[in-house]
1. Tell me yes or no: at least one residue of segment B:65-76 is within 16 Å of DNA strand D (Cβ to nearest atom), more than 7 Å from chain A (Cβ to nearest Cβ) and at pLDDT 85 or above.
2. Have a look at A:Ile210, A:Ile203 and point out the one that is at pLDDT below 80 and under 22 Å from A:Gln174 (Cα atoms).
3. Exactly one of (1) part of a strand (DSSP E or B); (2) more than 30 Å from A:Glu262 (Cα to Cα) is unmet by A:Phe114. Its number?
4. What residue, of B:His57, B:His43, B:His105, is touching a residue at least 40 places away in the same chain (Cβ under 8 Å) and not assigned by TED's automatic domain parsing to the domain that holds B:Gly292?
5. Could you list, in sequence order, all residues of segment A:157-182 that are assigned to a helix (DSSP H, G or I), surrounded by fewer than 16 Cβ atoms within 10 Å (Cβ to Cβ), in contact (Cβ under 8 Å) with a residue 60 or more places away in the chain and more than 41 Å from the chain's Cα centre (by Cα)?
6. Kindly indicate whether any position in segment B:186-193 is out of contact with any His (no Cβ under 9 Å at 6 or more places or on another chain), modelled with pLDDT of 85 or more and part of a loop (DSSP other than H, G, I, E, B).
7. Just checking, how many residues over segment A:77-90 are modelled with pLDDT of 80 or more and within 9 Å of another protein chain (Cβ to nearest Cβ)?
8. Return the pairs, sorted by first residue and then second, in which the second residue is within 11 Å of DNA strand D (Cβ to nearest atom), the first residue lies in segment A:15-40 and is within 14 Å of chain B (Cβ to nearest Cβ), the beta carbons are less than 7 Å apart, and the residues are 6+ apart or on different chains.
2 protein chains.
Amino acid sequence: MDRIEAMRAFIHVVQEGTFTRAAERLDTSPQLVSKYVSQLEQHLGLRLLNRTTRRIHLTEAGNRYYQGAQQVLTDIDDMESQLGDLHTRAQGVLRISAPVSFAMHHLPPLLSAFQKAHPAVTIDLQLNDRKVDIVEEGFDVALRIGHLKSSSLIAKRIAPIRVVLCASPDYLKQHGTPTTPEDLIDHHYLHYTYMDMDSIKPIQKTLLSIGHDNRGIVSNNGDVLVATAMEGAGIVLQPTFISGAAIREGKLRIILREYEPEPIALYAVYAHRQLLASKVRSFIDFIDGFFGDPPYWDRFE
Amino acid sequence: MDRIEAMRAFIHVVQEGTFTRAAERLDTSPQLVSKYVSQLEQHLGLRLLNRTTRRIHLTEAGNRYYQGAQQVLTDIDDMESQLGDLHTRAQGVLRISAPVSFAMHHLPPLLSAFQKAHPAVTIDLQLNDRKVDIVEEGFDVALRIGHLKSSSLIAKRIAPIRVVLCASPDYLKQHGTPTTPEDLIDHHYLHYTYMDMDSIKPIQKTLLSIGHDNRGIVSNNGDVLVATAMEGAGIVLQPTFISGAAIREGKLRIILREYEPEPIALYAVYAHRQLLASKVRSFIDFIDGFFGDPPYWDRFE
DNA sequence: GTCGACAATCAACGATTCGTTGATAATAAA
DNA sequence: TTTATTATCAACGAATCGTTGATTGTCGAC
């Protein structure tokens, strides 16, 4: 028995004064209304209505139940309509996890525009380069860069991420421009410790061997490495969303372009495809296409 | 879908942190709990829980719904347990309709005793000799005297009601004691206007003819007629619950005893047999047998 | 009074849903 | 890796739901 429907039926009977009219209101049959009320009485173990075929009178218990049930139903309706708003309008707190460097370079304009479009959404942006568990840590959505292994999560591809080798013109003039991966052996390499090596296989071996030589600089922050490369300290392998501006301005130059690995991608990762809160859905829609195709940071040539 | 059960399932999942433990608590299967929560989400149109196979986290919507649902469920439980009390303990207002004379003569001791046995019951006793509609006028129980025609109401027989012809010894000495119904023609008859003539057929004809002669007194109150008969004003046909005391004391003498009509009865009439509020059930049980068998007012010989 | 109209309930019948069982996918622990 | 645990899916029989037609009881009109 659906107690809520039964309560609704009972309340309508009381208000309309008759089973038949209540049934019309509820758009069902008098028989069903009668059944509901009977079941309700059975469940409660006492009579709610004294009824002849013509008229209806509330029992004392019925009177109390009527008031209580009315309250309960309005509570439920209020609650659900409130949730309905949550569903249709984007509102509430949107918790986002994102990689540090990418967020610092490219999220501010997006966040600003999104906030303007959805004023009722409060954004909580947590920057972190480790792989967070979005369910465990309560994130609505996480931005991730790389090749994602399959999981129960949904990963929507937002933009391609090119990773290029580059160095400053000064450095290249001084040490020569490599034309094959093997040429890299003689160079300074600015090594990024979090780099996902799976995604750049073609030149992986060479770079690793360089890394082992410890000739160069190691950091877990790409921005520092790129800036250092601009100073002429060596060759750096970094995504173009960091190095793109310097390349466009001529402060860095791409090398071994024909060995550039297949682009990896930026993904928006979230927990499910259906029954998504509107704030999440809106954010995914918003970020998808925001950066252009190709993304604006890749327009340096 | 039973939304209430679904809400209960959801709440237990949140509290226990796991579908399986919630299922144990609810004494059902994890599959069913999962189904319930899914249905709830489907109904609301949004996700309440972010779940991996190992852990569970509340969505923002889920958090709100959790609090609301918890409130709703406790409200319902409170309401129902309150009604449960109403059902098991006798309490509340008990509205009784009763015939005027019977109530004045024989209800006070019963009411007093009942009140002592069920202190939480407030009695509202309405005296009325017309046939009230207990549903229409909101009575819990009506006491009625007579032969009841069948109806949708339940009528429980409480006691036999003997109706006897009697007169004072003085009157009989003066006018003679009738030995056949035909003898009554020459007598004064104290006529009760509400008397149910169907129940006293054997002497009905004679009495009616006397009534038409208008020789005697007419009243709608049996007590007045009996008291008048005790003064020697004539013959009266009244139930023994009025005349019994006078007969026992020798102030009235029964006549035409062999023509005494079949006893009619006192009935407790109420609306239904099942799902009776405890106060009504208690009262019916209480009055049944209270007057003895035969009733104490008939113990005059 | 007798008849007709209306209201609630009862009975019975498909169609649907419910709740169980077994299997599957995914993750954490060992 | 393997094992154990967890949530979900699929499918089946059983129970319930909601409809239809008939029944009972009550009111109003002639």
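The values are calculated or read from the model by the stated rules, or taken from the named source; none is laboratory data. Just so you know, these numbers come straight off a predicted model, no measurement behind them. Here Cβ is always computed from backbone atoms with ideal geometry, including for glycine, and neighbour counts include all displayed protein chains.
1. For segment B:65-76, residues within 16 Å of DNA strand D (Cβ to nearest atom), more than 7 Å from chain A (Cβ to nearest Cβ) and at pLDDT 85 or above: present.
2. Details: A:Ile203 fails: under 22 Å from A:Gln174 (Cα atoms).
On inspection, the qualifying residue turns out to be A:Ile210.
3. Only one criterion in (1) part of a strand (DSSP E or B); (2) more than 30 Å from A:Glu262 (Cα to Cα) is unmet by A:Phe114, namely (1).
4. Values: B:His57 fails: touching a residue at least 40 places away in the same chain (Cβ under 8 Å); B:His105 fails: not assigned by TED's automatic domain parsing to the domain that holds B:Gly292.
Checking each option against the conditions leaves just B:His43.
5. Matches in segment A:157-182: A:Asp170 only.
6. No, segment B:186-193 contains no residue that is out of contact with any His (no Cβ under 9 Å at 6 or more places or on another chain), modelled with pLDDT of 85 or more and part of a loop (DSSP other than H, G, I, E, B).
7. Our first condition is that a residue be modelled with pLDDT of 80 or more; within segment A:77-90, this holds for A:77-83.
Now drop any that are not within 9 Å of another protein chain (Cβ to nearest Cβ), which leaves A:78-80, A:82-83.
Here the count works out to 5.
8. Listed by first residue and then by second, the contacts come to A:Tyr36/A:Glu5; A:Tyr36/A:Ala6; A:Tyr36/A:Ala9; A:Val37/A:Ala9; A:Gln39/A:Met1; A:Gln39/A:Ala6; A:Leu40/A:Ala6.
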